[in-house]
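In what follows, a structure is listed as structure tokens, so that the remarks can point back to it.
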């Protein structure tokens, strides 16, 4: 039975520690991780700092290489990069036990990570690996899934699911629209920019997981 766990990891145990130390105001949100036998390729959004400052900071960061800017908006920029072997906990999770990162948000000191494990034994293996490696690991939330929620079934997060559904319920997708993006954002208690970003990410994952057989980045 699948388990969904939320926990915090120090930046030193996850990714982009040196980058976040150089640009401490940055917020990094991992959208998805493409895994192959050779490498792990994260796609992530960066906000709160100028693109140039973030890109220059990554040049001396040993945890990533081959950074590529994919898209830019007023409030965030989407990047793709390659994780190196310095990311021990992530590489172990993906390659050794088959766990999957659903969502991760990194700030100056901490990464908040949401991960799916196939069962309790996978979670125990990951916890043991973190303890043996001296990585602080404490589960903040843990629940079993007996039936897939609409969000997890299609690869979107709960926040993305709520944003898309609230917009639909409010008639935002009608022609003409029955509500504005700002009105939908108010019902969720978030800014219009935050709602726009969640919906954009949700669209991306829904299309990738339902309408296409292979992501254009894969070879």
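The values are calculated or read from the model by the stated rules, or taken from the named source; none is laboratory data. Bear in mind that the values here come from a model prediction, so they are computed numbers and not experimental data. Neighbour counts run over all protein chains shown; Cβ positions are idealised from the backbone, glycine included.
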Would you check if residue 54 is in a helix (DSSP H, G or I) and within 24 Å of residue 24 (Cβ to Cβ)? yes
From the options 25, 75, residue that is in contact with a helix residue (DSSP H, G or I) (Cβ under 6 Å, 6 or more places away or on another chain) and farther than 20 Å from residue 135 by Cα: 75
Kindly evaluate residue 116 against the criterion of being in contact (Cβ under 8 Å) with a residue 40 or more places away in the chain and assigned to a strand (DSSP E or B). yes
Step by step: first the residues of the stretch 59-68, then only those that are touching a helix residue (DSSP H, G or I) at 6+ places or on another chain (Cβ under 7 Å) and part of a strand (DSSP E or B), then the one that is surrounded by the fewest Cβ atoms within 10 Å (Cβ to Cβ). Which residue is that? 67
Which of the following residues is more than 23 Å from residue 47 (Cα to Cα), surrounded by 15 or more Cβ atoms within 10 Å (Cβ to Cβ) and not assigned by TED's automatic domain parsing to the domain that holds residue 30: 185, 177, 194, 167? 167
Applying the selection to the stretch 92-113, what residues are assigned to a strand (DSSP E or B) and at pLDDT below 85? 100, 101, 102, 103
